[in-house]
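The values are calculated or read from the model by the stated rules, or taken from the named source; none is laboratory data. Given the structure is predicted, the values throughout are model-derived calculations rather than measurements. We place every Cβ from the backbone using ideal geometry, glycine too, and count neighbours over all the protein chains shown. Surface areas here come from the heavy atoms of the whole protein model, side chains and all, with no ligands, DNA or RNA. Shrake-Rupley method; radii C 1.70, N 1.55, O 1.52, S 1.80 Å.
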Amino acid sequence: MTQAPTMKIGILGLENAGKTSLIRTLHKTYHIGDPLSPTKNIDRSFFSMFGEKGTVWDFGGQSIYRDSYLKHPDRFLSGIQYLFYVIDIQDTDRFPEALQYFKRVYEFSSSHNPNIMASILFHKTDPALQEDETVRKRIDTLKKEIHRITDDVELAFFETTAFDPLSVLNAISLPILGDQPIYNSLSVLFANFSLNKSIEYMSLLVEDLLEIGSFRLRTANQEFLDASMAFYKNFFTLEIDNNIRSYLFEGYRFSIIKGEVNDIHYTLNIAHPILSDNPIPTEQDIESIIPEINSQFEQFSPKFF
Ligand SMILES: Nc1nc2c(ncn2[C@@H]2O[C@H](COP(=O)(O)OP(=O)(O)O)[C@@H](O)[C@H]2O)c(=O)[nH]1
Ligand SMILES: [Mg+2]
């Protein structure tokens, strides 16, 4: 019997880079300050999407494990379609080691799968560091060194932080789903819909896991970060029996709509500040977008394989 294809996502990097926190953020089970012990060997988590199965491999980063992955790459690293390499941008002393490990991992996995989609996450780019000049320079230098390692192959770079869970959601989702034609088309729809309304954030989650279209106002401020953090933490406990529900978090109203089309479950999230000069969308406004979303799923029917 042949095995059904499984989408393999590999999260790699040195220990303490934040890999497990990233994955837990994605699963909405991570709270800042949670004590995490170093991952022993590999932790796998499973999901399904568009009728396909996927596995997230969290590769423990301690040197004993790194050595064993590199010694037996066929066993561990083969078949990775989406590689996320996590670098702690606060741990400058370990940049050389982080780059060296990336080089080994990338060389094996890209020669094994030339179509691999590799992304670099500059993690722990916490809000206070985002505009810091020394941090900007640090990231630029890392990018140059990474380009040298990959021979200028196209890579995606993201700055992520557990203090902004939406940055994590976006960084993991874009490489995996960003190539689906529906991603761009939904994002354009959301940007237009948000225009002239006080909407600062719209995102469509599939299977409560990845984003398949999103719009976020560039000038999101601390209030928005606080609100989105509170929203994210509560995501799984929010009860939605009707198809639409609204919740107040730290000065923002999040509206959540659940939908289903062609066996794909989705959740639309919309955030807007409660105090605003612009008109706030009514429930009817929000519901008017649902048929458009459904018709885009009909038109583009996203698939992994
Ligand atoms: N400042 C900061 N700390 C983080 C962030 N993400 C994770 N951490 C902390 O970094 C440490 C290592 O995280 P962990 O996920 O266990 O790293 P792993 O070894 O790569 O799996 C933990 O103490 C986390 O709380 C972040 O975005 N910013
Ligand atoms: Mg870990």
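You will find that of Tyr65, Tyr69, Tyr85, the residue that is out of contact with any helix residue (DSSP H, G or I) (no Cβ under 8 Å at 6 or more places or on another chain) and within 16 Å of ligand 2 (Cβ to nearest atom) is Tyr65 and no other. When the range 143-162 is limited to residues that are of a type in the set (A, V, I, L, M, F, W, C) and buried (at least 18 other Cβ atoms within 10 Å of the Cβ), the one that is farthest from Ile23 (Cα to Cα) turns out to be Ile146. Looking across the range 19-56 at every residue that is of a type in the set (Phe, Trp, Tyr) and out of contact with any helix residue (DSSP H, G or I) (no Cβ under 8 Å at 6 or more places or on another chain), the one that is surrounded by the fewest Cβ atoms within 10 Å (Cβ to Cβ) is identified as Phe46.
For the condition buried (at least 19 other Cβ atoms within 10 Å of the Cβ), more than 16 Å from ligand 2 (Cβ to nearest atom), of a type in the set (Phe, Trp, Tyr) and on the phi < 0 side of the Ramachandran plot, Tyr106 qualifies.
Cβ-Cβ distances below 9 Å connect the following pairs, each with a first residue in the range 228-246 that is closer than 16 Å to Asn170 by Cα, a second residue that is open to solvent by less than 40 Å² (accessible area, probe 1.4 Å) and modelled with pLDDT under 80, and a separation of six or more residues or different chains: Ser228/Ala220.
Yes/no per residue for (1) assigned by TED's automatic domain parsing to the domain that holds Lys144; (2) at pLDDT 95 or above; (3) within 26 Å of Asp263 (Cα to Cα):
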position	(1), (2), (3)
His31	yes, no, no
Lys40	yes, no, no
Gly54	yes, no, yes
Phe59	yes, yes, no
Arg66	yes, yes, no
Gly79	yes, no, no
Leu83	yes, yes, no
Asp91	yes, yes, no
Pro96	yes, yes, no
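Among the residues of the range 158-183, those that are within 14 Å of Ala118 (Cα to Cα) and within 16 Å of ligand 1 (Cβ to nearest atom) comprise Phe158, Ala171, Ile172. Screening Thr219 with (1) exposed (fewer than 15 other Cβ atoms within 10 Å of the Cβ); (2) touching a residue at least 40 places away in the same chain (Cβ under 8 Å) gives one miss only, at (2).
Looking at Gly51, Gly13, Gly18, just one residue is in contact with a Phe, Trp or Tyr (Cβ under 7 Å, 6 or more places away or on another chain), in contact (Cβ under 8 Å) with a residue 24 or more places away in the chain and on the phi > 0 side of the Ramachandran plot, and that residue is Gly13.
Taking the criterion of being in contact (Cβ under 8 Å) with a residue 40 or more places away in the chain and either more than 25 Å from Thr161 (Cβ to Cβ) or not aliphatic (A, V, I, L, M) (or both), the residues of the range 70-90 that qualify are Leu77, Gly79, Gln81, Tyr82, Phe84, Tyr85, Asp88.
Would you say Asp93 is over 18 Å from Thr160 (Cα atoms), surrounded by fewer than 17 Cβ atoms within 10 Å (Cβ to Cβ) and away from ligand 2 (no atom under 16 Å from the Cβ)? Yes: the conditions hold for Asp93. The residue that is nearest to Lys8 (Cα to Cα), counting only those in the range 41-76 that are aliphatic (A, V, I, L, M) and away from ligand 1 (no atom under 16 Å from the Cβ), is Met49.
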